[in-house]
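Sharing a structure, written as structure tokens. Questions coming.
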Amino acid sequence: MTTKYLKKKINELTQGTSSNSAKLDTEISESLHPNHFTVCKVVRHGFPFEPTAMAYDPVQNILAIGTKNGSLRIFGQPGVDCHERHDSDVAIIQIMFLINEGALVTVCADNSLNMWNLRQKRPAILHSLKFNKEIITYCHIPFQSKWFYIGTERGNIHIANIESFTLSGYVINWNKAIELSRKTLPGPVIHLSDCPTDQNKLLIGFESGTAVIWDLRTKAAENRFNGAQPIRSISWHFEGRQFMCSHTDGSLSCWDIKSPSKPISVTYPHGKVAVKGGKPVDPCAPIMKVEWKSAKLGEPYVIFSGGLCQEKGGTGTPCVTIIQGKNTTVLEMEYPVIDFVSLCETPWPSAENQDPHAILVLLNNDLVVIDLMSPGYPCFENPYPMDLHESPVTCVQYFADCPADLIPVLYSAGSNSSRKKTSYSKKNWPIKGGQWGTGGSSDQEIIITGHADGSLKFWDASQVTLQVLYKLKTAKVFERGKQHKSLDGDEEPYAVQKITMCPDSRILLVAGASGHLLLYRFSKLEASCEITSLEISIVYEVEDPDTPETELPPMPTPNSLKRNTSTLSAESTAGISNNVPPPAAPPSPNPSTGAHKPSTSSGEGMRDGVPNLKVKSGLQKYTMGYQPDLCCQLLWTEGEPPPLVTCLQINSFYGLIAFGTVNGLVIVDYIQKTCLLHMGTPNLYGSADPYQRTPRSPKKPKVPQSLGDIVEQLTDSERSRQATGAVAAAEQPNGICVSPTGNNSKKMKSVTDGKLTRSKSQTSSRRVTKTQSNPCDTGANGDRDKDSADASGVGGIFSGLLSQSRSTFSLFGSQDRSESSFTQSRSSSMSSLDRESKEGVQSLYFVESYARKTDPITSPCLWVGTTLGSTLVIVLSLPPPGDQRISQPVFVSPSGTVLCMKGTILNIAFLNSNGGLISASTEAWKDMNYEQKEGEREKKKPSMPPRVPRISPSASTEMADRQFAVITSEKESKVISLPSQTCAYRAKIAESSYVVKADVISMPNKELCLACYIANGHVVIYSLPSLRLLLDYDFVPLTDLRVGRTFQFSAHGKALYQCSPTEIQRLTVCAEHSNSLHDMLGDLFIPCTTPEAPSRGFFKNLFSVSSGSLDRQELFGENSGKPSRSIAKHVPGTAGMEAVKAQSQTVGGEIARTKLELIKRGEKLSETEKRTSEMMQNAESFASAANELMKKQKNKKWYQL
């Protein structure tokens, strides 16, 4: 290394330091502070994952569902949805509402009972009761009672007070309940209920088949009923004289409380009985639950789940059976039945006219509501977004700030494409409790979910609830075949893996599991069109280094360097292209190294050069909505499947899309439907590769000082050889010119498999065209090939600009070169060489920026972030808009800039000199089908105005930085000033962990910040551009990879992630939104009067089994004695201050309730006053009549009386 070179580097470093210091003197003002941020969950969407219990409040009309992991979901009318969770991940085995009291009790698998307060927007636990020595199996809260019963696995029954959540001294022991009626233990308590007409009688059901009616006053068993089969559930008749039991053998037994010796009847509803009163021929599934409900008109309802005949070893088809009189209806279910509840008009169990009008059926993966009032028992259409997981969710995209017209057009397209479903009930949804929130967000929010079957669903997320807008099936683009499997080997070849959308142009980009990528355009008209298909292959070769590495990358060959100097600018490239004949195309000696190979397959042997799916050919009809316009498919290579797509980026202003894979990068012009670049990631570096993946010579080469030194090293023979186009093109090892419309294609050897230009587009008609990357012979397209031949020297271009790339690398990346070279992969089995050779592209960003240090103005660029921490810049040379954009090729060329960091590059964003976000330019939406139909367009003319440089240099600002690139990796984030490429700010985000998701987001005040989600569960927020830490919140640890895969930040501080296979959780990091959540969320409890108890006639009261009212306080209170302290422990509620806040937050509800009570009191007072006045009038009239009678009888003699 010469002294001259060292002096130059020192000067450059000095200049960079002074430039950075100058920038710091004019620091951008930042208005964001830590008090602007907090992390708060907003609402959870979807079906509760792995449900275990369900309960319904018939007065408040709200539904509660408990899950296996301790989550509690409460549903009211559509738009009223609440999610809370217990402190530990324990299953909820039972839920009980305190009907019309604004509270519920959950029974958990850890033998704890928890009282939840529902009189607040965010329910909280007020009390907990933890059992120590016994396992809770069943509980029961009598209607309007302050005491409830707790059954245990040993067969004992404890009694607890609801208000204090403490045990009573009153205990029903199993041995006293059964006495000598059984020789064995009765088993766990599986049912508890009081008699509908006599509160003194408690019905206890044991699993072994024994039922006991317990007299609470006398503390003794009144009757014992011994069944032959184990019991699963019990239901009273409304008169309180009979009850029905369901059994494990699929039978129903009916008992009279006065005849305990034998049941009144034993029936097998679905069993074929050979002998009357005998057992069925085929075994039946257990009847898990039964309900016996009265009807005002007609026979009572008997509703149960299970009981169907089952084959040997089978479990039976899940079903719900409805029996009314002689009519039996079996409703088969798609998933196993967890629980069901019949919805009645009255909460009183003794009501003669219970009249169930619907049945809530909780399935393992769905919630079904059956209409009992309509013929055929149709189902209600579920208004909740519980079909979110209809096909497993594989990808989620969140847009929190969409154009105002996007949601209406998606809803219109969805309503037109969906068929009217007449099988649903026409009645209103029966769960109608709660009240909507008064506030709401004004943002237009859309959530797009990708699914395993290749479908996409667009959801309106502007309010608390999700509403499906539009459904799209990507599998319709391909032909169905038995051989279709995904690259992972499963049976979901169409599974959606990545989604991106340009809301302004309404262009949708979808990547699938088979290495395919689909581009959709939105249209309001039906259209019949053919789909253009591009088949792309990414192949590269990396030799194992078997010689010592040099300190710097080796010099490229002079021939490549010369070709690179001819492509430094679009003007020089065009000049050379006009004078050079088209290249010859010799046969490739190794077809596997070609960029695009012909579609071939060796029968049942190794697949090579073929896509995983086949696009449908011919005209296809598409309805209003998103219609496919282009399909890109990655090919199999020598038995290796296509690489998976890792990131997507679309720019409607440029008319380009780019997508990265696990091993390379692809750039496609979707206007001309041509592939511009497809290259392995290691080949993107050229000679500036910091990882030295090719054999290096131990001899250090002479380092050129500048691009001029490189040019001076070229000999005259090399210059003349470069002027000979055929020889130069034949010897170029890296570049290929592609013309998708060329004829007589031949194969050419390519090591790096990249191409930097493309020829003129096809005709504007949309046809299925399998575009190969083979160069075209001269002929009809000779001029077009000649224009692009010399501009396509990929190897030369990516190997050139050595002085710029090396100085960039030494200035910015020297401190991190060793760190990024040895960044540890999260896969410990991968060696360092494997990591380097399998480097993939993880992030992409289209922007107009400074690609090089010496650039005086901005230009269209694509910034590429890799898995090894490198950031590369590719310059895009676009023709002018209009006809030239369609007819002239787009050139892509490297800038030579390589920026290195620790860890995989996750996000790239840009700020202007004022700290504002530089977003990619977009094109306004136009309906192409409408233009074609009206004859207003002959060719596709994108409405792109002339590209004007954002900043023009001047003498005074020539050395000043005018942009900031914010690059975030798994370990750190850096703010790099452009064009000097100096590091202005740096922050270490994760040392022992790694960043999962990072994004630059805007807050409601339009200020920007960097939001990161770390694998240890922390959400951190940094200011921009200074990278000051504003928030570090311990949120959700990355225990499930699904969370990291779907975590999305969006505008205005909003975010979401998939918290379970069936649910999506929305959250906010904005304190302003968090404070407004109280108004946005709905109320679960609405004060209302409880229906009056049913009136019973004189004869019913006369012959009733009731023994009078029961004073439970006297029985279970202090007079019952003190309970054992070792049985259970009372735990104060975890609500704490939340309970106090809840009381203050529910002032409106309390005022409304007080007002209602005052109205009632006023009515009673007025009625009392009226009665008092009537009594006074009666008394006065009685006094006057008595006075007159006295006067009349006063003077009469005794014999006159």
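The values are calculated or read from the model by the stated rules, or taken from the named source; none is laboratory data. Keep in mind that what you see is a predicted model, and the values were worked out from it rather than measured. Positions of Cβ are generated from backbone atoms using ideal geometry, with glycine treated the same way; all protein chains shown enter the neighbour counts. SASA here: full protein model, heavy atoms, side chains in, ligands and nucleic acids out. Shrake-Rupley method; radii C 1.70, N 1.55, O 1.52, S 1.80 Å.
List pairs: first in the stretch 164-180 and touching a residue at least 60 places away in the same chain (Cβ under 8 Å), second open to solvent by 60 Å² or more (accessible area, probe 1.4 Å) and charged (D, E, K, R), Cβ under 9 Å, 6+ apart or cross-chain?
Gly169/Glu1118; Gly169/Lys1122; Tyr170/Lys219
Now, a different point. Step by step: first the residues of the stretch 219-245, then only those that are in a loop (DSSP other than H, G, I, E, B) and open to solvent by less than 40 Å² (accessible area, probe 1.4 Å), then the one that is nearest to Lys296 (Cα to Cα). Which residue is that?
This residue is Phe238.
Got a sec? Which of Lys926, Lys939, Lys933, Lys988 is out of contact with any Ser or Thr (no Cβ under 6 Å at 6 or more places or on another chain), modelled with pLDDT under 80, open to solvent by 70 Å² or more (accessible area, probe 1.4 Å) and basic (Lys, Arg)?
Criteria check complete, one pass: Lys933.
Ok, one more. Give the residue that is surrounded by the fewest Cβ atoms within 10 Å (Cβ to Cβ), with candidates limited to residues of the stretch 424-452 that are under 30 Å from Pro403 (Cβ atoms) and charged (D, E, K, R).
Asp443
It is to be established whether one or more residues within the stretch 33-48 are over 25 Å from the mean Cα position of the chain (by Cα), open to solvent by less than 10 Å² (accessible area, probe 1.4 Å) and over 20 Å from Pro1061 (Cβ atoms). Outline the logic, then answer.
Here is the first cut: in the stretch 33-48, the residues over 25 Å from the mean Cα position of the chain (by Cα) are 33-36.
Then drop every residue that is not open to solvent by less than 10 Å² (accessible area, probe 1.4 Å), which leaves none.
No, the conditions are met nowhere in the stretch 33-48.
Looking at the structure I just gave you, is Asp81 open to solvent by 30 Å² or more (accessible area, probe 1.4 Å), over 26 Å from Gln463 (Cβ atoms) and among the charged types (D, E, K, R)?
Details: open to solvent by 30 Å² or more (accessible area, probe 1.4 Å): yes; over 26 Å from Gln463 (Cβ atoms): no; among the charged types (D, E, K, R): yes.
Spelling it out, it is not the case that Asp81 is open to solvent by 30 Å² or more (accessible area, probe 1.4 Å), over 26 Å from Gln463 (Cβ atoms) and among the charged types (D, E, K, R).
Is there any pair with a first residue in the stretch 333-346 that is small (Gly, Ala, Ser) and a second that is in a loop (DSSP other than H, G, I, E, B) whose Cβ atoms are under 6 Å apart and which are 6 or more apart or on different chains, and what are they?
Matching pairs, first to second residue: Ser342/Pro356.
Please find, among Ile150, Ile178, Ile141, the residue that is closer than 23 Å to Ala221 by Cα, modelled with pLDDT under 95 and β-branched (Val, Ile, Thr).
So the residue among Ile150, Ile178, Ile141 that is closer than 23 Å to Ala221 by Cα, modelled with pLDDT under 95 and β-branched (Val, Ile, Thr) is Ile178.
Name the single residue, out of those in the stretch 290-339 being part of a loop (DSSP other than H, G, I, E, B) and basic (Lys, Arg), that is nearest to the chain's Cα centre (by Cα).
Out of the qualifying residues, it is Lys312.
A further question on this structure: Could you list all residues from the stretch 120-143 that are assigned to a loop (DSSP other than H, G, I, E, B), out of contact with any Pro (no Cβ under 9 Å at 6 or more places or on another chain) and in contact (Cβ under 8 Å) with a residue 60 or more places away in the chain?
Selection gives Gln120, Lys121, Arg122, Pro123, Asn132, Lys133, Glu134.
Of (1) in a loop (DSSP other than H, G, I, E, B); (2) buried (at least 20 other Cβ atoms within 10 Å of the Cβ), Ala413 satisfies all except one. Which?
Just one mismatch for Ala413, condition (1).
Report the residue count in the stretch 621-640 for those that are touching a Pro at 6+ places or on another chain (Cβ under 7 Å) and aromatic (Phe, Trp, Tyr).
Qualifying residue count for the region: 1.
For a quick check of your reading of the model, give me the residue pairs whose first member lies in the stretch 260-271 and is aliphatic (A, V, I, L, M), whose second is assigned to a loop (DSSP other than H, G, I, E, B), with beta-carbon atoms closer than 8 Å and at least 6 apart or on different chains.
From residues that are aliphatic (A, V, I, L, M), the pairs are Val266/Ser251; Val266/Gly277.
Please name all residue pairs, on different chains or six or more residues apart, with Cβ atoms under 9 Å, provided the first residue is in the stretch 364-387 and is touching a residue at least 12 places away in the same chain (Cβ under 8 Å) and the second residue is among the small types (Gly, Ala, Ser) and open to solvent by 50 Å² or more (accessible area, probe 1.4 Å).
If the second residue must be among the small types (Gly, Ala, Ser) and open to solvent by 50 Å² or more (accessible area, probe 1.4 Å), the pairs left are Pro378/Ser423; Cys379/Ser423.
Taking His140, is it under 43 Å from the mean Cα position of the chain (by Cα) and open to solvent by less than 20 Å² (accessible area, probe 1.4 Å)?
For His140, the condition - under 43 Å from the mean Cα position of the chain (by Cα) and open to solvent by less than 20 Å² (accessible area, probe 1.4 Å) - is not met.
Also, quick follow-up: Would you confirm whether or not the stretch 256-272 contains a residue that is assigned to a strand (DSSP E or B) and open to solvent by less than 20 Å² (accessible area, probe 1.4 Å)?
No; the residues of the stretch 256-272 include none that is assigned to a strand (DSSP E or B) and open to solvent by less than 20 Å² (accessible area, probe 1.4 Å).
Looking at the stretch 162-188 only, could you name the residues that are surrounded by 17 or more Cβ atoms within 10 Å (Cβ to Cβ) and assigned to a strand (DSSP E or B)?
The answer is Leu167, Ser168, Tyr170, Val171, Ile172.
Another one. If a residue has to be part of a strand (DSSP E or B) and either open to solvent by less than 30 Å² (accessible area, probe 1.4 Å) or among the polar types (S, T, N, Q) (or both) to count, how many in the stretch 497-514 make the cut?
Result for the stretch 497-514: 11.
Could you check how many residues of the stretch 123-137 are closer than 20 Å to Asp89 by Cβ and not small (Gly, Ala, Ser)? Write out each step before concluding.
First, pick out the residues of the stretch 123-137 that are closer than 20 Å to Asp89 by Cβ: 123-125, 128-131, 135-136.
In the following step, the residues that additionally are not small (Gly, Ala, Ser) were identified as 123, 125, 129-131, 135-136.
Here the count works out to 7.
Can you tell me which residue within the stretch 515-539, out of those that are among the charged types (D, E, K, R) and open to solvent by 10 Å² or more (accessible area, probe 1.4 Å), is farthest from Val615 (Cα to Cα)?
Ranking the candidates gives Lys524 first.
Among the strands (runs of 3 or more DSSP E) confined wholly to the stretch 1003-1059, which include 2 or more residues that are buried (at least 22 other Cβ atoms within 10 Å of the Cβ) and at pLDDT 95 or above?
Of the strands (runs of 3 or more DSSP E) lying wholly inside the stretch 1003-1059, those with at least 2 residues that are buried (at least 22 other Cβ atoms within 10 Å of the Cβ) and at pLDDT 95 or above span 1008-1014, 1018-1023.
Looking at (1) in contact with a helix residue (DSSP H, G or I) (Cβ under 6 Å, 6 or more places away or on another chain); (2) at pLDDT 95 or above; (3) hydrophobic (A, V, I, L, M, F, W, C), find the lone condition where Ala124 falls short.
Checking Ala124 against (1) in contact with a helix residue (DSSP H, G or I) (Cβ under 6 Å, 6 or more places away or on another chain); (2) at pLDDT 95 or above; (3) hydrophobic (A, V, I, L, M, F, W, C), the one that fails is (2).
Every residue, every condition in (1) closer than 16 Å to Val393 by Cα; (2) modelled with pLDDT of 95 or more; (3) under 23 Å from the mean Cα position of the chain (by Cα), yes or no:
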| site | (1), (2), (3) |
| --- | --- |
| Ile431 | no, yes, no |
| Ser442 | no, no, yes |
| Leu466 | yes, no, yes |
| Phe478 | no, no, no |
| Lys482 | no, no, no |
| Pro493 | yes, no, yes |
| Val510 | yes, yes, yes |
| Gly515 | no, no, yes |
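Only one of (1) in a strand (DSSP E or B); (2) surrounded by fewer than 23 Cβ atoms within 10 Å (Cβ to Cβ); (3) not aromatic (Phe, Trp, Tyr) fails for Gly618. Which number is that?
(1)
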